[in-house]
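Following: one structure in structure tokens, then a few remarks.
The values are calculated or read from the model by the stated rules, or taken from the named source; none is laboratory data. Just so you know, these numbers come straight off a predicted model, no measurement behind them. When we count neighbours, we look across all protein chains shown, and the Cβ atoms used for this are built from the backbone with ideal geometry, even at glycine.
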Amino acid sequence: MEFTRETNPISACTAEAVIIGVFADEKPAEALVKVDHEMPQDVLNQVKEAAELDGFKGKARELLSWKSFGKIPAKSLLFIGLGDEKEYDVSTSRRYAAIAARSVNKTAKSACLVLRRPALLADVQAMVEGWHLATYSFNKYKSQPDEAKEKKGVTAVAIKAEGVEHADFAAALRAGDVIGEAVNFARELIAEPASYMTPTRLAENAVALAGDSLTVQVLEASQAENLGMGAFLGVARGAEEPPKFIYMRYTGGADAKRTVAICGKGITFDSGGLSLKTAAGMEHMKYDMSGAAVVLAVMKATAQLNPPLNVLGIVAATENMPGHRALHPGDVLVAMNGKTIEVNNTDAEGRLILADALSYAVQQNPDEIIDIATLTGAVVTALGRAAAGIMGSNRKLMENLVESGKSAGEKLWPLPLFDEYKDSLKSDIADLKNAGSKGEASTSCAGMFLKEFVDGKPWAHLDIAGPAWMDKEKDEINKGGTAFGVRLLMYYLLNGGDSTADPQSSLRVVQ
Ligand code: BES
Ligand code: ZN
Ligand code: ZN
């Protein structure tokens, strides 16, 4: 797929399909003349008539297709309703490109997307992302690939936007391309069945990303043992598949002043262990490594875009299985930081492996730590699939991540870490137990548990259990594993990855 800048006026544009957004209070022909004053009058008249016949209102996602039959070089104009102009933001740009991609991809070979406001680089980037995201599909195991999905017609997308320097425009195209591809890379890892995407394969995927600025180390169980990762290895005990602890380090060059550590939950399948899940609760549990997939994708994109900071990617990967050596409820584990944990529920395994991943991160002495995990069912109950929960110990870091999420089209919503929640993690025989009282603030309790392992460092925890999996596709979101978090973390890192910055100061623009 090639993304370029369109420099011709629309009436001379040679892409097969030209896509133009229409605001709620305008008509397609008005939009058309605004984006090209030279548009022939008969084209305007026909578009006007077509819009009237169709009753086109410019409501968000509304579509109107007009065939040119040689009146202009483009074969068709596709008008897409953008909704209210005052509400237009970067997410609208991404969504609009995604809708365009879904509707022209089956028929056209080339497309031109017209931006309807003076370009912010973030819009250009978001449009490229949206195109990638909406055209993703996973067909590896289909012997008869789905016909509609198979026809990936468009191979060239040009974006028409005014008011930005050429070099900046090219950089925004590239950032969108890299981030879009990184999200789809993570989606691919998640889509693979658990029997294929084992901790070993996950580690192989990480190793394959190594390059000049990115080193990758995979620690085997014996090395994890030497480091004292008792919590991580406890979870791995029930599985035949060997666990892998993945440590990736991106070095951002001489200008790099800060180091951000990102830890991902890599449970390649969560059966619950001896605290076994129900059949329905287990069905999609291959996606319990979504946090890990996001970390790999973020490291991949970071190494391609080279922001001036250091980023550590840390993934604890194992299955959670009820094998004959599995953890018994009631077992006590010693985590890497020396704390002892009574495992009262083997299904609360994510926090156990993250305990050691976070302790490991602390040892590398980063400026801040972010973890990302499909950690609790309760966050799905609280927020549904619309947003991930964010908790943490540092208000600025959390605010910055929330802001990044807004531009990235990945919403984060804060949940509390009240001291009271700690009481529910009190154990009679160990320093703490891994699961609180059933049905009581289980997302916050999980967050409270993790807090015990960050040693007071600025830290934020993203519980992505909801938006990491979708049952329906919509706009830029695919069905299945979505890789939620790649974009927001990339926006955050490209903005400096600086939790001390004023979250309002920067309009999330990528250089
Ligand atoms: N992987 C699950 C959380 C989950 C549930 C993710 C549903 C996506 C959808 C996690 O390991 C888990 O089982 N958590 C338990 C914790 C409980 C035992 C304290 C949960 O949320 O039920
Ligand atoms: Zn679990
Ligand atoms: Zn889990």
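Here is a check on your reading of the model: is A317 within 16 Å of ligand 2 (Cβ to nearest atom), within 30 Å of E129 (Cα to Cα) and at pLDDT 95 or above? So that I can check it myself, show each step before the final result.
Numbers: within 16 Å of ligand 2 (Cβ to nearest atom): yes; within 30 Å of E129 (Cα to Cα): yes; at pLDDT 95 or above: yes.
Considered against the rule, which asks whether it is within 16 Å of ligand 2 (Cβ to nearest atom), within 30 Å of E129 (Cα to Cα) and at pLDDT 95 or above, A317 comes out as yes.
Away from ligand 3 (no atom under 16 Å from the Cβ) and closer than 15 Å to T443 by Cα: is that true of G392 in this structure? Working first, answer last.
Values: away from ligand 3 (no atom under 16 Å from the Cβ): yes; closer than 15 Å to T443 by Cα: yes.
It is true that G392 is away from ligand 3 (no atom under 16 Å from the Cβ) and closer than 15 Å to T443 by Cα.
So which of K457, K472 ends up being within 18 Å of the chain's Cα centre (by Cα) and surrounded by fewer than 19 Cβ atoms within 10 Å (Cβ to Cβ)?
Values: K457 fails: within 18 Å of the chain's Cα centre (by Cα).
When all the criteria are applied, what remains is K472.
Of the residues making up region 45-72, those that are within 27 Å of E87 (Cβ to Cβ) and among the hydrophobic types (A, V, I, L, M, F, W, C) are V47, A50, A51, F56, A60, L63, L64, W66. Of all residues in region 249-278, those satisfying the criterion of being part of a loop (DSSP other than H, G, I, E, B), away from ligand 3 (no atom under 16 Å from the Cβ) and among the small types (G, A, S) are G252, G253, A254, A256. Filtered by the rule that a residue be within 11 Å of ligand 1 (Cβ to nearest atom), small (G, A, S) and crowded, with 24+ Cβ neighbours inside 10 Å, region 263-312 gives S271, G273, S290, G291. Scanning region 219-226 for any residue that is part of a strand (DSSP E or B) and out of contact with any Ser or Thr (no Cβ under 9 Å at 6 or more places or on another chain) turns up at least one such residue. Screening the candidates I246, I341 for the property of being crowded, with 24+ Cβ neighbours inside 10 Å, away from ligand 2 (no atom under 16 Å from the Cβ) and not in a loop (DSSP other than H, G, I, E, B) yields one hit, I246.
Yes or no, residue by residue, for (1) away from ligand 3 (no atom under 16 Å from the Cβ); (2) within 16 Å of T346 (Cα to Cα):
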residue: I429; (1), (2): yes, no
residue: L432; (1), (2): yes, yes
residue: S444; (1), (2): yes, no
residue: G447; (1), (2): no, no
residue: G456; (1), (2): yes, no
residue: D463; (1), (2): no, no
residue: D471; (1), (2): yes, no
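Mind checking which strands (runs of 3 or more DSSP E) fall wholly inside region 5-122 and carry at least 2 residues that are within 26 Å of the chain's Cα centre (by Cα), crowded, with 20+ Cβ neighbours inside 10 Å and charged (D, E, K, R)? Because the criterion is at least 2 residues that are within 26 Å of the chain's Cα centre (by Cα), crowded, with 20+ Cβ neighbours inside 10 Å and charged (D, E, K, R), no strands (runs of 3 or more DSSP E) in region 5-122 meet it.
Across region 319-338, the qualifying residues are those that are part of a loop (DSSP other than H, G, I, E, B) and within 14 Å of ligand 3 (Cβ to nearest atom), and the one among them that is surrounded by the fewest Cβ atoms within 10 Å (Cβ to Cβ) is P322.
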